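Reviewing the structure listed below.
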Amino acid sequence: MKVGIVGASGYAGETLVKLLLGHPGVELAAVTSRAHAGKRLSQVIPSVRGIDRGLAFVGSDPAALAATDIPLFFLALPHGAAAEFARALAGAGKRVIDLSADFRISDLATYERYYGKHAAPELLPFARYVMPELTDPEWKASARIVASPGCYPTSILIPLVPLLRDGLVTREHIVVNSLSGVSGAGRKVDEAYLYVERTESAKAYGLVKHRHLAEVEEQLALHTGQKTVIQFNPHLAPMRYGIATTITVPAAPGATLEGVYASWARTYGSAPFIQVLPSGETPDTAHVVGSNRVDMSAVHDPRTGNFVITSAEDNLVKGTAGQAVQTMNLWYGLPETQGLL
């Protein structure tokens, strides 16, 4: 099956390129970049020398891409730009997996409060937010556009949704602290992301109204049937890749640590990319970088009555490109793990 990547020169796009070049079930047939059109893929992404199949970047023209025989496109573009391509590609009958935020939030008013005016609001009813381990499989028959989850939301929703659904934790006083590698900010020239600024440095940012907060809270409500408000505190950490998340949440009356682990086993017992670690064994970003896994564990603090839940993932793989490939596998009936670690 042929696939294409629109915006293949950013960090997420580059990760997609590597995954799809090594995927036995697909042929990477088009990579686009307005800045690099005409250049060989291996010139821009030297790590794929020898396996790049002679690919070269083409210009990012929605109409031209829509006219190709490629049935599936990944959009690795900033929010706003992705919607323009989704309109042309979905209109031509293509399937679209969007890695931006353009279709992650179904409520238009909420989207515009966090991101500004939506470039293609008429497409929202045709888009599905898909987290493979949590979304009802019926999405495969109904979706035209798939919104692939954000990196922070993946690290939060995977551990938290089963516990809220099973009534093991309260909906009040949920505090989430997350640390992200610098690649999460994207490939851009900005003084704040220079090596000398970020090495030996960690700081909070986006407090109170980080954009991913809207996505997390909407998904918590959709999956559990009730509005849930969280305190989300993202941090920039001096590492290239990875997200480490700590969720502090009050235990519901009568809830036990054994109940937490039983809830996770029921939800993720057959999920190949979710690894539940023993209580007290804390996930480490060093152990998930390069993989499509979420590692997670929990402890109970009898002094405060809280569960303290930790998770770790690679922000560019399970948090972005790998999860998108996992979704593609499911959409086309391929083995879920094909082309992924």
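Tell me, which residue of the range 119-143 that is crowded, with 19+ Cβ neighbours inside 10 Å and in a loop (DSSP other than H, G, I, E, B) is farthest from the chain's Cα centre (by Cα)? It comes out as Ala120.
Listed conditions (1) assigned to a loop (DSSP other than H, G, I, E, B); (2) in contact with a strand residue (DSSP E or B) (Cβ under 6 Å, 6 or more places away or on another chain); (3) not assigned by TED's automatic domain parsing to the domain that holds Leu157 are all met by Ala324, apart from (1).
With respect to the conditions (1) in a loop (DSSP other than H, G, I, E, B); (2) assigned by TED's automatic domain parsing to the domain that holds Val182, Met296 lacks only one, and its number is (1).
Considering only the range 3-19, I want to know if a residue exists there that is buried (at least 17 other Cβ atoms within 10 Å of the Cβ), on the phi > 0 side of the Ramachandran plot and in contact with a helix residue (DSSP H, G or I) (Cβ under 7 Å, 6 or more places away or on another chain). Yes, the range 3-19 contains a residue that is buried (at least 17 other Cβ atoms within 10 Å of the Cβ), on the phi > 0 side of the Ramachandran plot and in contact with a helix residue (DSSP H, G or I) (Cβ under 7 Å, 6 or more places away or on another chain). Scanning the range 310-341 for residues that are surrounded by fewer than 23 Cβ atoms within 10 Å (Cβ to Cβ) and either at positive phi or in contact with a Leu (Cβ under 9 Å, 6 or more places away or on another chain) (or both) returns Thr310, Asn329, Trp331, Tyr332, Gly333, Glu336, Gly339, Leu340.
Return a yes/no flag: does the range 181-190 have any residue that is in a helix (DSSP H, G or I), among the β-branched types (Val, Ile, Thr), assigned by TED's automatic domain parsing to the domain that holds Val294 and at pLDDT below 95. Checked against the condition, which is being in a helix (DSSP H, G or I), among the β-branched types (Val, Ile, Thr), assigned by TED's automatic domain parsing to the domain that holds Val294 and at pLDDT below 95, the range 181-190 yields at least one hit.
Looking across the range 256-301 at every residue that is among the charged types (D, E, K, R) and within 25 Å of Val182 (Cβ to Cβ), the one that is surrounded by the fewest Cβ atoms within 10 Å (Cβ to Cβ) is identified as Asp284.
Could you please find all residues in the range 144-161 being closer than 19 Å to Glu84 by Cα and either over 16 Å from the mean Cα position of the chain (by Cα) or among the polar types (S, T, N, Q) (or both)? Those that are closer than 19 Å to Glu84 by Cα and either over 16 Å from the mean Cα position of the chain (by Cα) or among the polar types (S, T, N, Q) (or both): Arg144, Ser148.
The listed residues are Val208, Val216, and the only one of them that is modelled with pLDDT of 95 or more and touching a strand residue (DSSP E or B) at 6+ places or on another chain (Cβ under 9 Å) turns out to be Val216. Comparison of Ala82, Ala63 shows that the only residue that is surrounded by fewer than 17 Cβ atoms within 10 Å (Cβ to Cβ) and of a type in the set (Gly, Ala, Ser) is Ala63. Here Phe307 does not qualify as assigned to a strand (DSSP E or B), under 19 Å from the mean Cα position of the chain (by Cα) and in the same structural domain as Gly167 (by TED's automatic domain parsing).
For the range 254-267, does any single residue satisfy the condition of being in contact (Cβ under 8 Å) with a residue 24 or more places away in the chain and more than 17 Å from Val169 (Cα to Cα)? No, the conditions are met nowhere in the range 254-267.
The values are calculated or read from the model by the stated rules, or taken from the named source; none is laboratory data. These figures come from a predicted structure and were not determined experimentally. Here the Cβ is made from the backbone with ideal geometry for all residues, glycine too, and neighbour counts use every protein chain on show.
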